[in-house]
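Beneath this line is the structure, given in structure tokens, with notes to follow.
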Amino acid sequence: MVFDKVKALIVEQLDVDADIVTLDTDIMKDLEADSLDAVEVILGVEEEFGIEIPDEDAEGFAKVRDIVEYVESKIA
């Protein structure tokens, strides 16, 4: 499942508790990620799923759901 993989990447990259990462978690506000953290998460997602995410698309990711839905649309 895409969410589980994205969640695992976020937990690993941001060193946060897995229990607080849901589809509605705001990456910057709830997880206190900075722009470098966000880039690392995106790079991890690209590597995990073998896709490329253009910067202009990545800039629109606010919540975990945004990443999951984007990945699902690219690998479906």
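For the stretch 23-67, what are the residues that are assigned to a loop (DSSP other than H, G, I, E, B), acidic (Asp, Glu) and more than 15 Å from Gln13 (Cβ to Cβ)? If you could, list the steps in order and put the result at the bottom.
First, pick out the residues of the stretch 23-67 that are assigned to a loop (DSSP other than H, G, I, E, B): 23-25, 27-34, 50-54, 59-62.
Keeping just the survivors that are acidic (Asp, Glu) gives 24, 30, 32, 34, 52, 59.
Matches in the stretch 23-67: Asp24, Glu52, Glu59.
Among the residues of the stretch 1-22, those that are of a type in the set (Val, Ile, Thr), closer than 23 Å to Ile75 by Cβ and not in a helix (DSSP H, G or I) comprise Val21, Thr22. Taking the conditions (1) surrounded by 11 or more Cβ atoms within 10 Å (Cβ to Cβ); (2) not in a helix (DSSP H, G or I) in turn, Tyr70 satisfies each one other than (2).
Picking from residues in the stretch 24-49 that are touching a residue at least 12 places away in the same chain (Cβ under 8 Å) and closer than 16 Å to Ile75 by Cα, the one that is surrounded by the most Cβ atoms within 10 Å (Cβ to Cβ) is Val45.
Read the figures in this text as sums done on the coordinates, not as results from a lab. The structure presented is a predicted model; accordingly, all values stated were derived computationally and were not measured. Cβ coordinates were reconstructed from backbone atoms using ideal geometry, including for glycine residues, and neighbour counts include every protein chain displayed.
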